[in-house]
Amino acid sequence: MNIIQAVPTHIITGFLGAGKTTVLRHLLTQKPENEVWAVLMNEFGEIGVDQAWIAAHQGVAVKEVLGGCLCCTSQLPMQIALARLLSEFKPTRLFIEPTGLGHPKELIDQLSESHWQASLNIRQVVTVIDGHRLNEQLWQKHEIFLQQLDVADVVLVSHQSEMNTDDQQQLKQLQDSYQFPPKHWQRLDHGKISLKEIDQSRIPQLIKKQPLLSQQLLTQNMPRLNESDFSAPKTLPYHYSSEQQGFFVAGWHMPKSWQFDADTLIRVLQAIQGFVRIKAKLNTIDGWIDINAITTNFQVDVDSKATLDNRLEIISEVAQDWLTIEKQLLLLSGQATV
């Protein structure tokens, strides 16, 4: 029985029309003759077009998952297509190109699960953004575009020669917004990127869930029998925090039923000194809001769609009093006695 080795796996994301297929096609030209490469593609519609383009490369096996994004329609079609690629072709390298309307975080989480770890070695995640469309400010509005930047280790700015002054300013603001985790930003034209520049293993950002700080404070003097008393909470709410590469990060996931006083909460968040970025999706008395803020631009979208829970994450360049911030969250959501 042949044992499938962990295959170097590249995930290439990008919004619709950003140029990710062009990047992929250029990468495929770098395939050594003695290797077999494979591509798993995802079209949001029911008719695959890109597969015919990619299949022209000799020694490249291609499979497509049609009709929705790889992670949202169902895990089963993606799992079957991926398993068949690995077992039938035994590739020495794998590329995955999700649809521009897909949710890359969920896909990366799925492929990072234990049953794939022996088969896949996830390399640095690449996101392609269209440089000459940045002045449209899609990054301020579209959740998927923001998520693609969140998960990226490498950001490729396409059509850089066509960028105007507004595009350049928007790119600088994006780079300021996404300082953590650190990303490599590279401008390119015609999709030309060297495989060596993206061929490093991805270092996952491990976030340990823990009870709310307020709950930990209440139980800190209670006797603990064993290490299992510190296990991650299985239900909402929960908190996480970490200090990595000079940044301080904290987040809260809270039940959907919690409703916040939006105006007061925004003032509280704006008053935080030293924050680099604040991201949130919150249920307020007046409806759901999205917050995507940096020091120079506190963006609030009041037309946000409802989601499964309330989420808030703060990235700071200085240490913060997370407990005080949490107490304000509880007060503004009517949960001060939690």
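The values are calculated or read from the model by the stated rules, or taken from the named source; none is laboratory data. Keep in mind that this is a model prediction, so the values were computed, not measured. Here the Cβ is made from the backbone with ideal geometry for all residues, glycine too, and neighbour counts use every protein chain on show. These area figures cover heavy atoms from the full protein model, side chains too; ligands, DNA and RNA do not enter into them. Shrake-Rupley method; radii C 1.70, N 1.55, O 1.52, S 1.80 Å.
Computed quantities for the displayed model
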| read-out | value |
| --- | --- |
| Accessible area, probe 1.4 Å, largest first, for residues 257, 158 | 257, 158 |
| Additional length obtainable on full extension of the chain from residue 83 to residue 309, 0.36 nm per residue less Cα span | 78.1 nm |
| Per residue accessible area of the chain, 1.4 Å probe, in Å² | 50 Å² |
| Alpha-carbon centroid distance for the pair the range 169-211 / the range 238-316, whole angstrom | 22 Å |
| Cβ-based charge dipole, the chain, positive-most Cα from 245, 112, 335 | 112 |
| Total charge dipole magnitude, the range 92-220, about the Cα centre, Cβ charges on Lys, Arg, Asp, Glu only, Debye to nearest 20 | 420 debye |
| Gain in span if fully extended, residue 244 to residue 143, counting 0.36 nm per residue against the direct Cα distance | 33.9 nm |
| Point-to-point label distance, residue 35-residue 176, nm (Cα→Cβ direction, 7 Å offset) | 4.0 nm |
| Mean Cβ count within 10 Å, highest first, over the residues of peptides 327-335, 265-273 | 327-335, 265-273 |
| Kirkwood Rh and Cα Rg combined as Rg/Rh, the range 190-338 | 1.03 |
| Principal axes of the range 252-338: Cα extent on each, largest first, Å | 32, 30, 20 |
| Folded to 0 to 90 degrees: helix 165-177 orientation relative to the chain principal axis, Cα | 60 degrees |
| Nearest-ten-degree value, helix 75-89 long axis tilted from longest Cα axis of the chain | 40 degrees |
| Unsatisfied cross-links (Cα-Cα over 18 Å) in the set 256/281; 105/256; 183/208; 209/305; 183/209 | 105/256; 183/208; 209/305; 183/209 |
| Solvent-accessible area, 1.4 Å probe, carbon plus sulfur percent, for the chain | 51 percent |
| Computed FRET value (nearest 0.05) for residue 199 with residue 90, which takes r as the C-beta separation and R₀ as 22 Å | 0.70 |
| Ellipticity estimate at 222 nm from DSSP helix runs (n ≥ 4, -39,500 (n - 2.57)) divided over the chain, nearest 500 | -7500 deg cm²/dmol |
| Inverse of mean 1/r across different Cα pairs in the chain, Kirkwood, Å | 21.8 Å |
| Spin-label pair residue 321/residue 234, simplified geometry with 7 Å Cα→Cβ offset, distance in nm | 3.6 nm |
| Where labels lie 7 Å past Cα in the beta-carbon direction, separation of residue 168 and residue 217 in nm | 4.9 nm |
